[in-house]
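Please read the structure below before turning to the comments.
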Amino acid sequence: MRRSHSHTVHAVLAPVLLSAAACGGDGGSAARGLDSPDVTISPATDTLFAVGVLDGAEWEMFGRVADVAFDADGTLFILDSDAGHVVVIDPAGAFVRTIANKGEGPGELRFPASLIVFGNGRIGVRDMGNRGIALFDREGEFLEDVGIDPEGAVPSGRLRALPDHSLIAPARRMSFSPEGIMDREEGRPITRFRLDGSTDPFHEAWAPPPRETRTDEAEAGNIRIQMEAGEAFPLPLALGVLSDGRVAIADSVGYRIKLLDAAGGRLSTLERPVPPVAVTPAIEAAERERRLASLESGGSGGGGGIMTLSITAAAGSSGGGNPMDSEGMQEALRRIREDQIRDLRFPEEMPVITNLAVDWSDRIWVQRSALPGETGTIDILSADGRYFGSLPTDGLRIPRAFGPGGLLAYVERDDLDIQRVLVVRLMADEQLEGAR
């Protein structure tokens, strides 16, 4: 395994002393209220190891890192969707084993998309190809497949485990037309998925009145795809789970975070006096330009805010490989994305929050929106209404995975464009709360 102390998680990974630059405050209190002016905190980090090389063992030459997660011991799990397996790395950065293989048999993965590590040590992999979740024990032995009914609630975001080992995620309610094309029902539900295959509603997120939409279609080979034109600066539907089972959700235009209990009941709301930004014609033009440039450089052109997808394979179609990776399908997608970027709908205001996450110390990391081409501020809050401070825009970002003891895992590309997972640790983890 290669150890590396060079990195592209920006200059924030250079060890620096914790500092606080207060704007209207003294920068020394750990008990600021949510109405406090922004206070900048710059926590130091220590780079532990990086996994992923151009030339090495098969397990460390990643095809596509789809997800990463830690367990309670600090063991790192890396889901390589191209290889169809999970790479297990111990807390010291040493390779332990791989879990699963690419394939269609029991315990094999076809199109793995995301990873769940349960409190009891089991590992779950959401497999889009098998329409379910494959469960493994800590040693990598296959346990069972948990099916997800494609005509019921289907996860449309990352699954998160609750203490009772059920899972929650934003979901789409799907139905099938006579032509086999999936239609999405209205609303923004968050659904609980249980390991017996059952589902039940957890929370209905706030949704504005429905707007008229346009849908484009394309075909490539035996695949038909429909894309629903999206809205720029979409409302967030971000959530994180605290250690006691409470759930933090951001789903509105303003700076409001709902706290729900483990049954989905409303407990409280966290708010900061940060107003939304009005969307001007200049902002609209800049956002279209940003998305078209991303598409031209091989990116997605803006991600989930552009469209929703539904794919239908012709009857009797089969074969290996991901049909979305075919050259014809990628070209069809690119043409539709270009058209839909030019026809993007814009809201009157940009939502204040774009994302949130909860770390292993139950701190809530809140990503604020930014103008096109800029980087949003990240606030650190507690569930009981304390504001610890804000990370600078050129500093630490929300990681792909949090771990115990201040561990953070980032998925990045190095100078040779090789995908790798970088693991760092917050130094003096508790100082995030003091900002001294």
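Just one of the listed residues (299, 316, 321, 328) is within 26 Å of residue 170 (Cα to Cα), modelled with pLDDT under 75 and either of a type in the set (Gly, Ala, Ser) or assigned to a strand (DSSP E or B) (or both), and it is 299.
Only one of 119, 74 is touching a Pro at 6+ places or on another chain (Cβ under 9 Å), closer than 22 Å to residue 158 by Cβ and touching a residue at least 60 places away in the same chain (Cβ under 8 Å). Can you tell me which? Quick ask: steps written out before the conclusion?
Values: 119 fails: touching a residue at least 60 places away in the same chain (Cβ under 8 Å).
Result of the check over 119, 74: 74.
Evaluate segment 348-355: report whether one residue or more is surrounded by fewer than 20 Cβ atoms within 10 Å (Cβ to Cβ) and assigned to a loop (DSSP other than H, G, I, E, B). Within segment 348-355, one or more residues are surrounded by fewer than 20 Cβ atoms within 10 Å (Cβ to Cβ) and assigned to a loop (DSSP other than H, G, I, E, B). With respect to the conditions (1) crowded, with 22+ Cβ neighbours inside 10 Å; (2) at pLDDT below 95; (3) not polar (S, T, N, Q), residue 77 falls short on a single one, namely (2). The criterion of at least 3 residues that are of a type in the set (A, V, I, L, M) is met, among strands (runs of 3 or more DSSP E) falling completely within segment 230-287, by 238-241, 247-250, 256-260.
In segment 203-211 there is no residue matching the filter, namely being over 30 Å from residue 245 (Cβ atoms), modelled with pLDDT under 90 and in a strand (DSSP E or B).
Listed here are the strands (runs of 3 or more DSSP E) enclosed by segment 84-175 that have at least 1 residues being surrounded by fewer than 18 Cβ atoms within 10 Å (Cβ to Cβ) and over 18 Å from the mean Cα position of the chain (by Cα): 95-99, 142-147.
The values are calculated or read from the model by the stated rules, or taken from the named source; none is laboratory data. Being a predicted model, the structure only gives us computed values, none of them experimental. Because the Cβ atoms are built from the backbone with ideal geometry, glycine has one as well, and the counts that use them run over all protein chains shown.
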